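Structure first, commentary second.
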């Protein structure tokens with residue numbers, strides 16, 4: 001099975017993009033939770 005090099009690059013970049021997007025989502029979610037906790041505590 002021969003896979004075109006451009007296709008492999010596209011798939012790899014798509015996976016990297018999705019991983020980056022997930023990381024940013026988790027960071028934002030954690031930041032939001034921290035902000036809510038601080039507001040609730042009256043800080």
- Query: So for the pair residue 4, residue 21, with labels modelled 7 Å out along Cα→Cβ, what separation do we get in nm?
  - Reply: 2.2 nm
- Add -39500 (n - 2.57) for each DSSP H run of 4 or more in the chain, then divide by its residues: what number comes out at 222 nm, to the nearest 500 deg cm²/dmol? -31500 deg cm²/dmol
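Semi-axes of the equivalent ellipsoid for the chain, please: Cα gyration tensor eigenvalues, times 5, square-rooted, ordered largest first, whole Å. Write out the running numbers ahead of the final one.
Details: eigenvalues 339, 6, 3 Å².
One finds semi-axes of 41, 5, 4 Å for the chain.
Every number here is computed from the coordinates shown, using simple stated rules; none is lab data. This is a predicted model, so every value here is computed, not measured. Quick reminder, even Gly has a Cβ in these numbers, built from the backbone with ideal geometry, and neighbours come from all protein chains shown.
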